[in-house]
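*Asks:* Just dropping this structure here.
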Amino acid sequence: MPLVQAKCENCGALLNVRSDLKAANCPYCGAAYVVQDAINYFNSVTNIEHLHADVVNISDAKSTDSLLKAAEAFMKIGDLESAVWKYADVRDMTPQDHRGWWGLARCGMKRYELGNTPWQTQKSIKDENPDFCMSTVKKVDRMLSDIPGSISEIRENYRKCLMFAPPAEKYEIEAAWNGFISFARKSFDKFGADFISDMKNFKHNKDAVQAKIDNVKSKIKAQESKISSMKKKHDDETKDFKSSHRPGPLDYYFYHDSDSSGWRSLLLLFGISLGLAIVIFLISFFGFHKEYGLASVVVILPLILIFGICSDVRYKRNQKAGTKQYEKDLSHSSDVNKETGELNNLEKELRNLQYEMQRYNEAEAEARKVIERIGEIAKIF
C-alpha cells in the first residue's frame, strides 16, 4: 500500500503512514493514534494554512497598490521625498515587484530633471571678491562629491527594476532610462563649459589685481625716488650754506653767548682796543719816540674798531641766514614726513593687494581641482 501524509495530534510531527492501517504509534513521541484521524488532522491543518496564505497575499497586493497610488500622487505634486518613502515601502514589502525599484529610480531622475542638481544650483564665480570665489568653489566641490553616489544609487535601482520587470515593460523602462542619461550628460557638459567660462572671468579678475599691484609698485618707486631727491637737495643746500656762511674769527669769543647783543660785543671790543692803544701810547710816550705812540693810537684804534664793526655785521648776517636755514630745515622735515606717510600708505595698499592676489591663487588652485573632478564625473554618465 502507498504511504500517505498524516500529522500527530499529540506532538504535531509529520508522519508517513499506510492508509490500510487502523492504528499506530508516533515514532517521535510514542503516543498511540488512529490512522484515519491523523490523516484528517493533517488535511485540515494544511487547508487552513493555504487559506491564510491566500488572505495574506490578497492583503499585500492591496497594500502595495495603495502605496503605489500614493507615491504617484506625491510625484505629481512634486513631493519627491514623500514619494521616495512610499516606493521604499513597496520595495521592502515586495522586493520582487519591479515598480518599487523603478519608482525609486524615477524619483532620483526627477530631481535632476527639476534642476535640483549640484551643477545646476552652483553659483557663479564671477564676483571680484576672492574670499567669495573661494567659498563658492569649495561649495561646488562638496556638491560634486555627492554626484557619483547619487548616480550609482539611481543606476542600481534601475538595474534591479529590470531584473523583476515583465518583458513587455522593459523596453519602455530602458527608453526612459536612456533619455535620462542623455539629459544628464548634456546638462553636466553645459555645467562644465560654464564653469570653465567662469574661470576666464576669474583670470580677468586676477589680471586686474596684478595690474593694480604693478601700478602701486611703480608709485612706490617714484615716491622713494622723490624722497631721495628731496633729501639730496636739502643736503646740498646745507653744505652750500655752511661753506658760504662760515663764522668769523671773533664770533666764538664775542658771540658764543646767544643772549649777548651786538652793541655789548662792540663795547667790549672798543674797551680792549682802547686799553691796547693806551698801553702802546704809554710805552711810546715814555720812550724815545713819543710822536710814534700817539700816531699808533690814532691809527690802531680806528682799525680795531672797523674790524669789530665788520665782524658784528658778518655775525648778524650769518645769524639771519641761519634763521632762514633753520626754517628751511623745518619745512624740509615736514615735507619729507608728508611724503614718507604717502609712501607708507602705498606700501600698505601693496600688502593688501598682494594678500588679495594670494587668495585668488588659492581659489584658482581649488577651481582647477574642481575642473579635474568634473572630467572624472563626466565619465559615469
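*Asks:* Against the conditions (1) modelled with pLDDT of 90 or more; (2) closer than 30 Å to D92 by Cβ, where does I151 fall short? Just the number, please.
*Replies:* Answer for I151: the failing condition is (1).
*Asks:* Additional query: Go through region 353-375 and report how many residues are more than 18 Å from K139 (Cα to Cα) and not hydrophobic (A, V, I, L, M, F, W, C).
*Replies:* So the first thing to find is which residues in region 353-375 are more than 18 Å from K139 (Cα to Cα), and the list is 353-358.
Now drop any that are not not hydrophobic (A, V, I, L, M, F, W, C), which leaves 354-356, 358.
Going through region 353-375 one residue at a time, the tally reaches 4.
*Asks:* If you don't mind, another one. Looking only at region 153-173, decide whether some residue is under 27 Å from V370 (Cα atoms), in contact with a Pro (Cβ under 9 Å, 6 or more places away or on another chain) and β-branched (V, I, T). Talk me through it step by step, then tell me what you get.
*Replies:* To start, the set of residues in region 153-173 that are under 27 Å from V370 (Cα atoms) comprises 153-156.
Filter once more, keeping what is in contact with a Pro (Cβ under 9 Å, 6 or more places away or on another chain): none.
Within region 153-173, none of the residues are under 27 Å from V370 (Cα atoms), in contact with a Pro (Cβ under 9 Å, 6 or more places away or on another chain) and β-branched (V, I, T).
*Asks:* Hey, could you check region 220-239 for residues that are within 18 Å of E342 (Cβ to Cβ) and polar (S, T, N, Q) and say which is surrounded by the most Cβ atoms within 10 Å (Cβ to Cβ)?
*Replies:* The qualifying residue surrounded by the most Cβ atoms within 10 Å (Cβ to Cβ) is Q223.
*Asks:* Taking region 317-359 as the region of interest, how many residues are in contact (Cβ under 8 Å) with a residue 12 or more places away in the chain and under 21 Å from I220 (Cβ atoms)?
*Replies:* The number of residues fulfilling the criteria is 14.
*Asks:* In the set V336, V370, which member is open to solvent by less than 80 Å² (accessible area, probe 1.4 Å), modelled with pLDDT of 85 or more and of a type outside the set (S, T, Y)?
*Replies:* Result of the check over V336, V370: V336.
*Asks:* Still on this structure: It is to be established whether one or more residues within region 157-167 are in a helix (DSSP H, G or I), modelled with pLDDT of 80 or more, open to solvent by less than 30 Å² (accessible area, probe 1.4 Å) and under 30 Å from D131 (Cα atoms).
*Replies:* no
The values are calculated or read from the model by the stated rules, or taken from the named source; none is laboratory data. Being a predicted model, the structure only gives us computed values, none of them experimental. Cβ coordinates were reconstructed from backbone atoms using ideal geometry, including for glycine residues, and neighbour counts include every protein chain displayed. All accessible areas refer to the heavy atoms of the entire protein, side chains included, with ligands and DNA or RNA removed. Shrake-Rupley method; radii C 1.70, N 1.55, O 1.52, S 1.80 Å.
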